[in-house]
Amino acid sequence: MITKKIKLGSFKSLFVLRHRWEKGSNSTLRNYEANKIRRTPRLGIWARRDKVVGAIRKGDDNKTSVKKTFSEENNVNDYYVGFNLIVCEIWINFTFKRTFGFDND
């Protein structure tokens, strides 16, 4: 698996390449994606939109900080565009606002 992160201001993107010869494991639970790519070759283009938690919102105490951070108003759209090319899968995901997990890297 090859990954590359790009961050320009509030724009963030993640490029991922997973190929058919990636080392998997005998247990499908440990490396499900690698085993799925190896067993089911696919060809196509796909897109997806998810909702993710936005940036950390500070409150007066920990309880209000958690409520503000994980509220419905703090959700951010996370977009994916991908290509299934029989021997590999490539996808890019990107957001235009700060998110909970990406900024900590």
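The values are calculated or read from the model by the stated rules, or taken from the named source; none is laboratory data. All figures in this text were calculated on a predicted structure; none of them were measured in a lab. Note that we place each Cβ from the backbone using ideal geometry, even for glycine, and neighbour counts take in every protein chain shown.
Taking every residue in the range 6-22 that is closer than 9 Å to F94 by Cβ and pairing it with any residue that is part of a loop (DSSP other than H, G, I, E, B), at least 6 positions away or on another chain, the pairs with Cβ-Cβ distances below 7 Å are F11/F96. Residues in the range 75-90 that are free of Cβ contacts under 8 Å to residues at least 40 places away in the same chain and either more than 28 Å from V53 (Cα to Cα) or over 12 Å from the mean Cα position of the chain (by Cα) (or both) were compared, and the one that is surrounded by the most Cβ atoms within 10 Å (Cβ to Cβ) is V76.
Would you check if there is a residue in the range 38-48 being under 20 Å from G9 (Cα atoms) and either outside any helix (DSSP H, G or I) or not hydroxyl-bearing (S, T, Y) (or both)? Talk me through it step by step, then tell me what you get.
Applying the first criterion (under 20 Å from G9 (Cα atoms)) to the range 38-48 yields none.
Within the range 38-48, not a single residue is under 20 Å from G9 (Cα atoms) and either outside any helix (DSSP H, G or I) or not hydroxyl-bearing (S, T, Y) (or both).
When you go through I37, I56 one by one, which is the residue that is touching a strand residue (DSSP E or B) at 6+ places or on another chain (Cβ under 7 Å) and either modelled with pLDDT under 90 or surrounded by 15 or more Cβ atoms within 10 Å (Cβ to Cβ) (or both)? Show your work before the answer.
Details: I56 fails: touching a strand residue (DSSP E or B) at 6+ places or on another chain (Cβ under 7 Å).
After ruling out the rest, the residue left standing is I37.
The combined condition, being modelled with pLDDT under 90 and at positive phi, is not fulfilled by G101.
Can you tell me which residue within the range 50-105, out of those that are among the acidic types (D, E) and not in a helix (DSSP H, G or I), is nearest to F11 (Cα to Cα)? Write out each step before concluding.
First, the residues of the range 50-105 that are among the acidic types (D, E): 50, 60-61, 72-73, 78, 89, 103, 105.
Still in the list and also not in a helix (DSSP H, G or I): 50, 60-61, 78, 89, 105.
Working: D50: 16, D60: 29, D61: 30, D78: 11, E89: 23, D105: 14 Å.
The qualifying residue nearest to F11 (Cα to Cα) is D78.
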